[in-house]
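Asks: Have a look at this one.
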Amino acid sequence: MIRELNETGYDLFLTDPVFPAGVILAHYFQLPLVLNVRMLFSGEAQFAIAPSPLSYVPAMFSHYTDKMDFFQRINNLIYHGMLIYMHYYVSIPPYQPICDRYLGEVSITSITQEADLWLIRLDFTLEFPRPTMTNVVYIGGLQCKPSKPLPPHFEDFMESSGEHGVIVMTLGTLLGDLGPEKSEIIASAFASLPQKVVWRHVGKRPVSLGNNTMLVEWLPQNDILGHPKTKVFITHGGTNGLYEAIYHGVPVLGIPLIFDQYDNMVRMRARGVAEIVEVTTLDVESFTSALKNILNPEKAYKQNMLKLSQLHHDKPMKPLDSAVFWMEYVM
């Protein structure tokens, strides 16, 4: 593969550095390196390149906002220290022998930090204030686009919801099934609501499923979020889904599961556009209460999300155009 890549010849290496094999290859080929990044193995990617004062920049997995009291700041420092320990003693060792053999006296950290361009999958509608660097470009919402008409069976179901509207639920492709016990809880909660529900569910059909709920193995997420009948988006909290919700102005109920999802949802909650329910303590009452709160017009979740959406759209250049411009600039 190395020989074929060398013979073909390329002008740029684009990679996600959460696992550093791509970074090592880019250094080996001596190509300009562009990172399409949200996280490194050591946590938040921006900690590796920009000053990040821990008094107001929350570390990954701390679940804090930028407003921390004294003890939270101490804990934030501890969380960051743990991530640095994992970076140097867990994530680096499997890859460092490759550097030592093929690249000489370099480290994974140093060649990552030397990347020409960092395309970070956030923007400041979601991210908290923090220092940044001149070779960092924020591309949150890179994949977002206007919604297209839905297939007829989806459109008919959405329109049948009347004034109550539709709740959309999908937990992504990695952990899309919460198991039969949690699925029954969710189904029971949905059955008690006047809204219609579109639920991407890949497990066993829940016994308590109501007539108002459509189970599907796949759904056109962006197009459904852009439908005027959609009232709430229930998600695991990945950045792609959250930015589609922001793009279309749909408030969010988060069930974070792994990786950066809880931290993403903390940022959404701090903006007043989301609530979080813990999967470990999930029950019918808490799940139903959270949904009713978000659906309640007096709680302003929808209004806050529309304001956030307006800010997200108010840019001189779309995220994808910005990414393309700066990659061409690097080349």
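Asks: Could you list the square roots of 5 times each eigenvalue of the Cα gyration tensor of region 2-138, that is, the equivalent ellipsoid semi-axes, sorted largest first and rounded to whole Å?
Replies: 31, 18, 10
Asks: Moving on to the next point. With 25 Å as the limit, write out which pairs from Lys148/Lys292; Lys67/Lys229; Lys182/Lys231; Lys182/Lys299; Lys148/Lys299; Lys196/Lys299 have Cα-Cα distances beyond it, or answer none.
Replies: Distance filter (> 25 Å) returns Lys148/Lys292; Lys67/Lys229; Lys182/Lys299; Lys148/Lys299.
Asks: Which three numbers, in whole Å and largest first, are the semi-axes of the equivalent ellipsoid of region 229-331 derived from its Cα gyration tensor as √(5λ)? Walk me through the intermediate numbers first.
Replies: Numbers: eigenvalues 169, 58, 16 Å².
Value: 29, 17, 9 Å, ordered largest first.
Asks: Can you give me the three principal axis dimensions of region 171-311 from its C-alpha atoms, in Å, biggest first?
Replies: 42, 33, 28
Asks: Turning to a different aspect of this structure: Could you please rank Ile111, Ile258, placing first whichever residue has the fewest other Cβ atoms within 10 Å of its Cβ?
Replies: Going from least to most buried by this count: Ile258, Ile111.
Asks: Shifting gears a bit: Compute the whole-percent fraction of alpha carbon pairs in region 1-71 spaced more than 14 Å apart.
Replies: Working: 1665 of 2485 pairs.
In whole percent, the long-distance tail amounts to 67.
Asks: Taking the Cβ-Cβ separation of Thr109 and Phe61 as r and a Förster radius of 22 Å, what is the calculated FRET efficiency to the nearest 0.05? All intermediate terms of the calculation are to be shown ahead of the outcome.
Replies: Details: r = 20 Å, r/R0 = 0.89.
After rounding to 0.05, the efficiency reads 0.65.
Asks: Tell me, what is the FRET efficiency for Val216 and Glu298 to the nearest 0.05, using R0 = 30 angstrom and their Cβ-Cβ distance as r?
Replies: Numbers: r = 32 Å, r/R0 = 1.06.
So the FRET efficiency works out to roughly 0.40.
Asks: Check every DSSP H run in the chain and write down those whose alpha carbon atoms cover 15 angstrom or more along the long axis and whose mean Kyte-Doolittle hydropathy is 0.5 or greater.
Replies: Those that pass (Cα extent of 15 Å or more, hydropathy at least 0.5) are 70-86, 284-295, 319-330.
Asks: Can you work out D for region 77-194 in µm² s⁻¹ from Stokes-Einstein, where Rh is the Kirkwood radius over C-alpha pairs, the temperature is 37 °C and the viscosity is 0.692 mPa s?
Replies: Diffusion coefficient, whole number: 162 µm²/s.
Asks: Along the three principal axes, how long is region 146-242 when you take its alpha carbons, biggest first, rounded to the nearest angstrom?
Replies: 35, 29, 19
Asks: Distances over 25 Å make up what percent of all Cα-Cα pairs in the chain?
Replies: 56 percent
Every number in this text was worked out from the coordinates using simple rules, so none of it is lab data. Note that the structure is a prediction, hence the values are computed from the model and not measured. Neighbour counts are summed over all protein chains in view; Cβ atoms, including those assigned to glycine, are modelled from backbone coordinates with ideal geometry.
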